[in-house]
1. Working only within the range 358-406, note down all residues that are touching a Cys at 6+ places or on another chain (Cβ under 7 Å) and of a type in the set (Ser, Thr, Tyr).
2. So, in the range 64-84, how many residues would count as being within 20 Å of Arg366 (Cβ to Cβ) and open to solvent by less than 60 Å² (accessible area, probe 1.4 Å)?
3. Six or more apart or on different chains, Cβ atoms under 7 Å: show the pairs whose first residue is in the range 96-122 and part of a strand (DSSP E or B) and whose second is at pLDDT below 90 and of a type in the set (Gly, Ala, Ser).
4. Restricting attention to the range 528-537, does a residue exist that is modelled with pLDDT of 80 or more, in the same structural domain as Lys435 (by the TED database) and exposed (fewer than 13 other Cβ atoms within 10 Å of the Cβ)?
5. Do we have Ala569 as open to solvent by less than 40 Å² (accessible area, probe 1.4 Å) and modelled with pLDDT under 80 here?
6. Just checking, does the range 276-286 include any residue being at pLDDT 80 or above, farther than 30 Å from Cys575 by Cα and open to solvent by less than 40 Å² (accessible area, probe 1.4 Å)?
7. Any residue in the range 437-455 that's free of Cβ contacts under 8 Å to residues at least 24 places away in the same chain: show its pairings with residues that are surrounded by fewer than 14 Cβ atoms within 10 Å (Cβ to Cβ) at Cβ separation under 9 Å, as long as the two are six or more apart or on different chains.
8. Mind checking which pairs have a first residue in the range 40-68 that is in a loop (DSSP other than H, G, I, E, B) and a second that is open to solvent by 20 Å² or more (accessible area, probe 1.4 Å) and among the aromatic types (Phe, Trp, Tyr), Cβ under 6 Å, 6 or more apart or different chains?
Amino acid sequence: CLFSHKSSKREWKPLEDHSCTDVPWLLLFILFCIGMGFICGFSIATGAAARLLLGYDSYGNICGQKNVKVEGIVNSGLDLTQKKYVFFLDPCNIDLVHQKIKSIALCVSACPRKELKTLADIQKFAETNGSALCSYELQPSEYTTDPRAAKLCPKYPVPESAPIPFFHRCAPVNISCYAKFAEALITFVSDSSVLHRLISGVMTSKEIIMGLCLLSLVLSMILMVIIRYISRVLVWILTILVILGSLGGTGVLWWLYAKQRLSAGALETQISKDNLQALLIYAIAATVFTVIMFLIVLIMRKRVALTIALFHVAGKVFIHLPLLVFQPFWTFFVLILFWTYWITVLLFLGTTGSPVPNEEGFVEFRMSGPLKYMWWYHVVGLIWISEFILACQQMTVAGAVVTYYFTREKRNLPFTPILASVNRLVCYHLGTVAKGSFIITLVKIPRMILMYIHTQLKGKENACARCMLKSCICCLWCLEKCLTYLNQNAYTATAINSTNFCTSAKDAFVILVENALRVAAINTVGDFMLFLGKVLIVCSTGLAGIMLLNYQRDYTIWVLPLIIVCLFAFLVAHCFLSIYEMVVDVLFLCFAIDTKYNDGSPGREFYMDKVLMEFVENSRKSMKEAVRGGGAEGRELKPM
């Protein structure tokens, strides 16, 4: 971006010219996606899809078909046409470190549909159903007589199991078999009975969970409407509450310090002295915080009005563009489709490669040579394409809001501005989105690598190394957030003037720097309002959940259903209100460009809404009054 061409004078022509932007990056992204498709095709061509779907035993045989002999492996190359299910001799022996079942796997004709407690029961099951659950070299008649049966037959009692749909694996029906695995994921589960009660609680209250999730959805939509009408009152209420809370907390701390100081006697202990000193430190820190907060409010008081006006106009945007409300649903749906594809290919990669004997004499499938690095390519694809999908949402929202803002007569808006924005994105700006998402990927990958190293070295590294790792992770996270915000404004500039990513990013950055105080006011006041909105929705949904779940008597523990509901409520509120926040940010950049290059004179009329026009007129009046009075205040009130 540093070497891109920049004209001597910038000319903004909103929505007048449309041209393709960052075409080389679009071609690069297409080539990368072709590489992702090659990985999928390679894994299917090498038999990984068959091994994943049909299953395979510990000797490299794929169940349900004839197999080729693996050199040096006994029991390989068998005809298992009639044996279509994978059965594990010890299905509950899970290796949490390597994420696999530590057990011999066999292909069987049928899964045991009832518990088998002895070898005699296993033998009877084989004779009755024709499904031999012991290793291939043992005949069913030898199960109770051959001494090798203790090693080659399943660990009994054999739990009741059923085949997993589409994957032909026999899985235990009783979930308590995986209690150890669940304990590793849910630390507060100490025994399988607690886990069983938690799961049963979720299953019994599934109707209430669905109803509460729907309630959180409705509350989020209602809140988006309410914010428009009470934005002015809400902002000032929050500002006053913050000031009063700071003053009250500071006063209480000084009062406690004075009280303990006066009540201190000659026999004052060391603990009392430490507490008194701590109170003094807390009181001083609270005083400094209150003074800083008060000064910030004084500086920002003129700019809070802009935040209120932008929130009010954002409410109008949602009235004219109602499809914006559903934008998170389409993005989430596309992400779910991509993540499903990515996980499927990941599972294919887990079973691809050539059969190799391991130290136990069984077969494992491993890739060799350059092909083993396909994992890294696949992981980069997950990050880049996910960021690309999210960036497409940002560009779509920006294009629709830009169309609304720079259309003087709202009656002349396109029938569906959202679809018009999608059309412009697909026809002109996919390369810009690919470039912006790639920049985020470049920052996110090192951060994820450092987080993985930190996790692997947990408890082994010294304090200095741990501090350096956490500092690097924190710095990369901050850089990622800053770039994400800059990218979003770059997409807005691209939607306005159809310029490439670097030019748009520089133009947006200049505008943001020129309005740094207003950006700070909008991001602090506005984001805090939206955060409180998320908290309100989660608390309301959680309270309704407590009231409903408290009257249920069909299960013992309802903590897990409540956690699920609250997490879903926060996710829904975040999706809706993040769209609201995105609209406000786009409106601000449009407003800044409008006031910088237009002054309301003939031929340079403003595009802005009447509410924003009133804000500009009030700022001008305040500026004229301050200039007549003389002083720095007039310069401070200058709108741009």
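The values are calculated or read from the model by the stated rules, or taken from the named source; none is laboratory data. Here the structure is a predicted model, which is why all the values come from computation and not from measurement. Here the Cβ is made from the backbone with ideal geometry for all residues, glycine too, and neighbour counts use every protein chain on show. Areas reflect the complete protein model, heavy atoms only, side chains present, ligands, DNA and RNA absent. Shrake-Rupley method; radii C 1.70, N 1.55, O 1.52, S 1.80 Å.
1. Once the filter is applied, which keeps residues that are touching a Cys at 6+ places or on another chain (Cβ under 7 Å) and of a type in the set (Ser, Thr, Tyr), the range 358-406 yields only Tyr405.
2. Residues flagged as within 20 Å of Arg366 (Cβ to Cβ) and open to solvent by less than 60 Å² (accessible area, probe 1.4 Å) within the range 64-84 amount to 6.
3. Note: pairs meeting the criteria are Ala105/Ser58; Leu106/Ser135; Val108/Ser131; Val108/Ala132.
4. Here is the first cut: in the range 528-537, the ones modelled with pLDDT of 80 or more are 534, 537.
With in the same structural domain as Lys435 (by the TED database) added as a condition, the list becomes 534, 537.
Restricting the remaining residues to those that are exposed (fewer than 13 other Cβ atoms within 10 Å of the Cβ) gives none.
No.
5. It is false that Ala569 is open to solvent by less than 40 Å² (accessible area, probe 1.4 Å) and modelled with pLDDT under 80.
6. yes
7. Sorted first by the residue in the range 437-455, then by its partner, the pairs are His454/Lys470.
8. Ser58/Phe362
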